[in-house]
Amino acid sequence: MRREFKLDSNDEQYMDVKGYHWETIIEGKKLWLLVSHFPIPPGYNVTEATLAVQFPSLDYLRQGLDMCYFTPALSRADNKPIAQVNVVEQIDGRAFQRWSRHRTPQAPWDPGNDSLVTHLLLIENWLVREFERVK
């Protein structure tokens, strides 16, 4: 697994304890975390995917993380549309579907409390909430 940049030590420990197959890569000026075999909850076309998270810089704990990307592209098994997933980003030679999801002004990134761990938990929540949004 490539480790082209380091994560915060607490984030690295969490990734390893969870048993994630992860790597960090640098493509041009973009920093990416790739998590292979990321579990996808029931209701989608796949049960696992590769998750990508773009890092704004190595100082991500202060700057914050936003959005996520998946390959293969996720779709709902019931064929209902998923909003804001139409952009495709080429990452590591593969097409990733961008999930344009953001923190709100009521729940902004908190540099004292947020981390990759909290962002991954938020991504898991986005995947589950998708079925609450579109009925």
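For this structure, a couple of remarks:
- Looking only at region 64-82, residues that are farther than 21 Å from Glu23 by Cβ and either of a type in the set (D, E, K, R) or out of contact with any strand residue (DSSP E or B) (no Cβ under 8 Å at 6 or more places or on another chain) (or both) come to 6 in all.
- Any hit, region 101-120, residues being under 14 Å from the mean Cα position of the chain (by Cα) and assigned to a strand (DSSP E or B): no
- Every residue from region 25-41 that is within 24 Å of Pro81 (Cα to Cα) and either without any contact (Cβ under 8 Å) to a residue 24 or more places away in the chain or not in a loop (DSSP other than H, G, I, E, B) (or both): His37, Phe38, Pro39
- Residue check, Asn79 at positive phi and in a loop (DSSP other than H, G, I, E, B): yes
- Long-range neighbours under 8 Å by Cβ, at least six apart or interchain, first residue open to solvent by 80 Å² or more (accessible area, probe 1.4 Å) within region 79-94, second of a type in the set (Gly, Ala, Ser): Gln84/Ser100; Val88/Ala73; Val88/Ala95
- Within region 7-24, residues that are touching a residue at least 60 places away in the same chain (Cβ under 8 Å) have Cβ atoms under 6 Å from residues that are open to solvent by less than 40 Å² (accessible area, probe 1.4 Å) and of a type in the set (S, T, N, Q) in these pairs: Asp11/Ser115, counting only partners at least 6 apart in sequence or on another chain.
The values are calculated or read from the model by the stated rules, or taken from the named source; none is laboratory data. In this text, all values refer to a predicted model and were calculated from it rather than measured experimentally. Don't worry about glycine lacking a Cβ; one is built from the backbone with ideal geometry, like all the others, and counts go over all protein chains shown. These area figures cover heavy atoms from the full protein model, side chains too; ligands, DNA and RNA do not enter into them. Shrake-Rupley method; radii C 1.70, N 1.55, O 1.52, S 1.80 Å.
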